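One structure is given below, represented as structure tokens, and several questions about it will come after.
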Amino acid sequence: MNIHVFEKLGGIAIIVGSLLLSAYAVLFPIFLPLGTRSFDYVEMVRNSAWVPLALVAFAGVLALLVGFYAVYAKMRNTAGVQGAVGFLFVEAAYLLQVCKVTWELFLYPVIARYPETAFLLRDAIIKNDPAVLAFRISASATILIGIVLFCLAIYRSAIYPKPAAALIFIGAVVYALGPMISVYVSIVGIFTFAVGCMLLGVRLLR
């Protein structure tokens, strides 16, 4: 495939992924019953908007996986070992995110549907299980390591706009820390991250 065609396809993929994640970040608090204080996670999952929103997130993350490959390919001659390691961590991180979204898309609705199993979500039994907790921590650590190294490579590349690296870094950090603070913090992180990715996509299309 012609390298310019590949870059344009990668640019389209990362822009589409950014738009999907932005739509997810905006629509999540609009359609789901978050409330102002505490909220019932089971009622959120039972909401008719849950599966469509999870599907949007799923498609967005998959598109970003393709887009990030194109981003790295364009700068790989100057990215060095740091950029290569950052890229590998980023790809691994978003594969883990795909895994996480598959739970939300396919498993959580089944668990929330039945009173006999709904307590697993309502009482955070699954969330606080040692194995799931280890997975979530590993996923967050992978994102942070990958984004730090990858964003440094993007910032130093002189190919991509420097604000893109800053927005992606800030968005990823806020998203990783969000679950410990508030769902709304995670949403802000997603939106910030998506804006940075969109700037990369626009550069690939030029």
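The values are calculated or read from the model by the stated rules, or taken from the named source; none is laboratory data. Please read all numbers here as calculations on a predicted model, not as lab measurements. For neighbour counting, all protein chains shown are included, and Cβ atoms are generated from backbone atoms with ideal geometry for every residue, glycine included. Ligands, DNA and RNA are stripped out before the accessible areas are found, and what is left, the full protein with its side chains, is counted by its heavy atoms. Shrake-Rupley method; radii C 1.70, N 1.55, O 1.52, S 1.80 Å.
If you plug each phi of region 76-84 into the Karplus form 6.51 cos²θ - 1.76 cosθ + 1.60 with θ = phi - 60°, what whole-Hz ³J(HN,Hα) values come out, in order, with x for Gly and Pro?
For region 76-84, the Karplus curve yields 5, 5, 10, 6, x, 5, 4, x, 5 Hz.
Could you order peptides 128-137, 159-168 by the average number of other Cβ atoms within 10 Å of their residues, highest first?
Per-residue mean Cβ counts within 10 Å order the peptides as 159-168, 128-137.
So, one more: Peptides 141-149, 25-33, 113-121: what's the order by average Cβ count within 10 Å, highest mean first?
Packing order, densest peptide first, comes out as 141-149, 25-33, 113-121.
Which residues in region 39-64 have a backbone N closer than 17 Å to a point placed 7 Å from the Cα of LEU107 along the Cα-to-Cβ line?
Residues passing the 17 Å test: 42, 45-46, 51, 54-55, 58.
Out of these labelled values of Kirkwood radius over Cα pairs in Å, (i) 18.4; (ii) 17.5; (iii) 20.4, which was calculated from the coordinates shown here?
This structure yields the entry labelled (ii).
Summing -39500 (n - 2.57) over the DSSP H runs of n ≥ 4 in the chain and dividing by its residue number, what mean residue ellipticity at 222 nm do you reach, to the nearest 500 deg cm²/dmol?
Per the formula, -28500 deg cm²/dmol.
Expressed as a whole percent, how much of the Cα-Cα distance distribution for region 94-206 exceeds 25 Å?
Pairs farther apart than 25 Å: 33 percent.
How far apart, in nm, are the 7 Å Cα→Cβ label points at THR117 and VAL5?
4.5
Taking Cα atoms, how many degrees apart are the long axis of helix 183-205 and the longest axis of the chain, rounded to 10 and kept between 0 and 90?
Roughly 30 degrees, rounded to the nearest 10.
Order LYS74, LYS8, most accessible first, counting only protein heavy atoms with a 1.4 angstrom probe.
Accessible-area ranking of LYS74, LYS8, largest first: LYS8, LYS74.
Which percent of the accessible heavy-atom area of the chain goes to carbon and sulfur, probe 1.4 angstrom?
The nonpolar share, carbon plus sulfur, comes to 72 percent.
Here's a follow-up. Can you give me the relative contact order of the chain as a percent, contacts being Cα pairs under 8 Å and 6 or more apart?
Across the chain, relative contact order equals 29 percent.
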